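Visitor: Sending over a structure as structure tokens; questions will come in a sec.
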Amino acid sequence: MISPQAALKIVLNTILPNKVEKILLEDAFGRTLAEDLIADRPFPPFDRVTMDGIAINFQEFEKGKREFEILGIQTAGEAPIGAKNNSGCIEIMTGAMLPDGFDTVIRYEDLKIFGGIANVISEKIKPGQNIHYKGSDATLGQVIVEKSTKINAAIMAVAATIGKLELLVTSNPRIIILATGDELVQVNQTPKDYQIRASNTWAISSILKKEGFDAEMCLLKDEPQILEREIFQMLQKYDVLIFSGGVSMGKKDYLPEILASLGIKNIFIRFHKSLVNLCGLEVLNKISFLLFPEILFLPFYVRLIMYFPGYKIMWGKNQKYFKKLNWNLRKIIPLTLLFLSRQN
């Protein structure tokens, strides 16, 4: 029997480097960054106006001036107006670049405009107001988003802003969930009186999907030759094999023997029955295995996958995930767990 603390230590000592791949930005939503996103210029790249109104030189206002001649109109996307006389004002729109010689923007709500003259009707004007200054969000070369961050809508926008049409992301692990047992039939089949429909695989798959992992499912009969052949083929195709059934003490629980014959070594067996909500694994030669007995308590599944840091970090999830570890789950039925790894 092994403690959760010992299991966690095994997890932390055996995590493999992430596999990465380059994908198009349009396909990146929901994936995990394998590179930092770096500002290719200051952000914002210029002094950006944040309100529709007029741009003035605040010194003129400070001197008591309240009426400003409109020297021109500038909208977003236009080159700034080169006004020779900054004692007047530029009528300016949100998103436009602040022209040289002007340092304050007064919104339309604080103005009355008539005959080409903007009259300021508010005394609550502050120097530099309504301007988003160049480089105030990020400087050239600054890391904007760190790797290991899950890509959401905001991250998609950041990537587009810095011109990243392709992104390095962690490769999704290839996972298969295998249920074994002669008593099991598929969900779309009618079980006989002594059979049941396979349901554990669906529970595991759903929880994995919630955590961002897709998995295939497979149902195998308790036939040693078939099991050995199928598992051997899956070793060549998948990164993670999750077994439900076939690992207890029954006459047809063949998996431990078959896995050993395929070069899989046992890393640890079970947890203390009152602290079973954390598990670990060892990974050698790119293959990892989790095995469970047939009868499972659903809350255990939830704790197992949601609080299982090994997968999260192995495939690039943020290491802050460890803060979610909970050592207090109790009253769970004792389970025999085999964590195995392929030998070199």
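Visitor: Measure off, as a whole percent, the carbon and sulfur share of the 1.4 Å-probe accessible area of the stretch 14-156, all protein chains present.
Guide: Numbers: 4090 of 7990 Å².
Carbon and sulfur: 51 percent of the exposed surface of the stretch 14-156.
Visitor: Let me ask something else about it. If the only charges are +1 at each Lys and Arg Cβ and -1 at each Asp and Glu Cβ, what is the size of the charge dipole of the stretch 53-182 around the Cα centre, to the nearest 20 debye? Present the calculation step by step, with values, prior to reporting the outcome.
Guide: Working: 13 positive and 15 negative charges, 38 e Å.
About 180 debye.
Visitor: Further, regarding this structure: As a test of reading the structure, rank M234, M156, M217 by solvent-accessible area (1.4 Å probe, protein chains only), most first.
Guide: The ranking, largest first, comes out as M217, M156, M234.
Visitor: Per residue, how much accessible area does the stretch 95-189 show when a 1.4 Å probe rolls over the protein heavy atoms, in square angstrom?
Guide: So the stretch 95-189 comes to 54 Å² accessible per residue, rounded to a whole number.
Visitor: Are there chymotrypsin sites (Phe, Trp or Tyr not before Pro) in the stretch 70-143 that DSSP puts in a loop and that have at most 14 other Cβ atoms within 10 Å, and which ones?
Guide: Y133
Visitor: May I pose another question? With the crude spin-label approximation of a point 7 Å out along Cα→Cβ, what separation in nm comes out for K209 versus D36?
Guide: Going from the K209 label point to the D36 one covers 3.7 nm.
Visitor: Here are some pairs, K22/K221; K65/K134; K126/K147; which of them have Cα atoms lying more than 30 Å apart in this structure? Present the calculation step by step, with values, prior to reporting the outcome.
Guide: Numbers: K22/K221 39 Å; K65/K134 28 Å; K126/K147 40 Å.
In this structure, K22/K221; K126/K147 lie more than 30 Å apart at Cα.
Visitor: Let me ask you something else. Could you compute the FRET efficiency for K150 and V185, with r as their C-beta to C-beta distance and R0 at 30 Å, rounded to 0.05?
Guide: Here the calculated transfer efficiency is 0.20.
Visitor: For Q195, project a label point 7 Å along Cα to C-beta. Then give me every residue of the stretch 201-239 with its amide nitrogen under 17 Å of that point.
Guide: Under 17 Å, as judged by backbone N against the label point of Q195, lie 201, 218-223 of the stretch 201-239.
Visitor: Place the peptides 47-55, 21-29 in order of packing, highest mean first, counting for every residue the other Cβ atoms within 10 Å and averaging per peptide.
Guide: So the peptides 47-55, 21-29, ranked by packing, come out 47-55, 21-29.
Visitor: On to the next question. Hey, which aspartates and glutamates would be in cross-link range of K209, C-alpha to C-alpha under 12 Å, not counting anything within fewer than 8 residues on its own chain?
Guide: none
Visitor: Can you find, among N130, A215, G77, the residue sitting farthest towards the positive end of the charge dipole of the stretch 77-232, where Lys and Arg contribute +1 and Asp and Glu -1 at Cβ?
Guide: N130
The values are calculated or read from the model by the stated rules, or taken from the named source; none is laboratory data. Quick caveat, the model's predicted, so the values are computed rather than measured. Note: ideal-geometry Cβ built from the backbone for every residue, glycine included; neighbour counts use all protein chains shown. Accessible surface is based on the protein model in full, side chains and every heavy atom, while ligands, DNA and RNA are left aside. Shrake-Rupley method; radii C 1.70, N 1.55, O 1.52, S 1.80 Å.
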